[in-house]
Amino acid sequence: MNTARLEMLSLLDSLGTVRAVAAALHLSPSAVSAQLAVLEAEAHAELLRRVGRRVQLTAAGRTLARHARVILDQVKAAEAELRDLSGQPAGPVRLAAFSSAVRTLVIPLAARLRQAHPRIELEISELDPQAGHPALRRGDCDIIVTADVIDGSTPLDRDVHAIPLLADAVVLVTPQTGDDGGPVDLADYAEAAWSVDLPGTYLSRLVTGSCRQAGFEPRVAGRFASYELLLAHVEAGLSVSLLPELAVDRRYRVDVRPLREPLTRQVYAAVRRGSALTAAARIVLDELRGLAAARVPG
């Protein structure tokens, strides 16, 4: 079976439509459809079934798509080893992470790799936690750094292998007051103005859900797509907010208060399950774990 056609099937499983696969590969939809038809002949199995104007993967198609991701990873690993037979880690590694992890973990990682392993070509992308697993399954990246949704559990995905990194406490961020910084009850801030992320986002749900659990509806004074603007709003005395501790940039003059009823999100790295990681990718994971461990008190 041709690896280029296997990649098309894997993308169809992730993206859902032939048109989306064609756009990702810079091909026409008819060219993708023709290649998938050839793949069906090579596989001697019905991989696709037409439903209305769209196609869906059959059980055989989904099975082959899972194998295709493993095969494509192994091909990349073989190519990486052939590029350098000296035993020194080299080659590209694509790492995607949510914004606060980029600032606190991934950029320091890149600086460390530049000194210790200059032949590793680390490509960094910012990616929302909710988009991490789909991007990994599509093959858009080799490693992701993502987080659960404060419920203490890693999302279940049989195609993804998770590597725990650290626990990230959720804290209340307020304008500077000079208080002792002891734990706070959210209910004490029922009359405060709040700043949150855009509707439907991870942070927006976190603030709204936590305040409702504390018995009140937050009065929203600002919605911001960046933590920097949110922190500037708080620093100016215009609002309070909840943030994971990794997201708090200490250059802003704000108070950071732990919650009396703690909330914690689990931050983890992830790779495709069963993928053959290159030597360079294994070095990146090892260095990432070391940086995360250094941030854990004690």
Query raised in the report: Suppose every K and R has +1 on its Cβ and every D and E has -1 on its Cβ; what is the size of the dipole of the stretch 167-265 about the Cα centre, in Debye to the nearest 20?
Result: 260 debye
Report task. With a 10 Å radius around each residue's Cβ, average the other Cβ atoms per peptide and rank 165-173, 204-212, highest first. Result -> 165-173, 204-212
Query raised in the report: Farthest toward the dipole's positive end in the stretch 167-265, which of G181, P262, Y227, given Cβ charges of +1 (Lys, Arg) and -1 (Asp, Glu) about the Cα centre?
Result: Y227
Report summary line: Looks like the stretch 167-265, by Cα gyration tensor root eigenvalues a ≥ b ≥ c and the a/c under 1.5 rounded cutoff (else prolate when a/b is bigger than b/c, oblate otherwise), is rounded
Query raised in the report: What's the percent breakdown of Cα-Cα distances in the stretch 3-81 across 5 Å bins, shortest bin first?
Result: 3, 16, 28, 26, 17, 7, 3, 1, 0
Report task. Give me V184, V38 ranked fewest to most by other Cβ atoms within 10 Å of their Cβ, as a rough exposure proxy. Result -> V38, V184
Requested in this report: Rank these for me by crowding, H233, H67, going from fewest to most other beta carbons within 10 Å.
Outcome: H67, H233
Query raised in the report: Based solely on its DSSP helices, what 222 nm [θ] is calculated for the chain when runs of n ≥ 4 H residues each add -39,500 (n - 2.57) and the sum is averaged over all residues, nearest 500 deg cm²/dmol?
Result: -12500 deg cm²/dmol
Query raised in the report: How large is the charge dipole for the chain, taken about the Cα centre, if only the Cβ atoms of Lys, Arg (+1) and Asp, Glu (-1) carry charge, to the nearest 20 debye?
Result: 840 debye
Report task. Read phi for every residue in the stretch 171-179 and hand back ³J(HN,Hα) as whole Hz from Karplus 6.51 cos²θ - 1.76 cosθ + 1.60, θ = phi - 60°, with x for Gly and Pro. Result -> 10, 8, 10, 10, x, 4, 10, x, 5
Requested in this report: Set the Förster radius R0 to 22 Å, insert the Cβ-Cβ distance between V75 and I124 as r into 1/(1 + (r/R0)^6), and round the FRET efficiency to 0.05.
Outcome: 0.40
Report summary line: Pseudo-spin-label distance Q176 to E191, built 7 Å along Cα→Cβ, given in nm, is 2.6 nm
Report summary line: Residues other than L57 with Cβ under 15 Å of its Cβ, Lys/Arg counted +1 and Asp/Glu -1, net out at +4
Report task. Read through the labelled values (i) 1, 5, 10, 13, 14, 12, 11, 10, 8, 7, 4, 2, 1, 0, 0; (ii) 1, 4, 8, 10, 11, 12, 12, 11, 9, 8, 6, 4, 2, 1, 1, 0, 0, 0, 0; (iii) 1, 5, 11, 15, 18, 18, 14, 9, 5, 2, 1, 0, 0, 0 and report the label of the one computed as P(r) over Cα pairs in 5 Å bins from 0, in percent from the structure. Result -> (i)
Query raised in the report: What nm value, rounded to one decimal, do you get for the distance between A111 and T201 when each label is placed 7 Å out toward the C-beta?
Result: 2.6 nm
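We did not get these values from a lab; they are worked out from the coordinates using the rules stated. Since this is a predicted model, take the numbers as computed values, not measurements. A quick note on method: Cβ atoms are made from the backbone with ideal geometry, for glycine too, and the neighbour counts reach across all protein chains shown.
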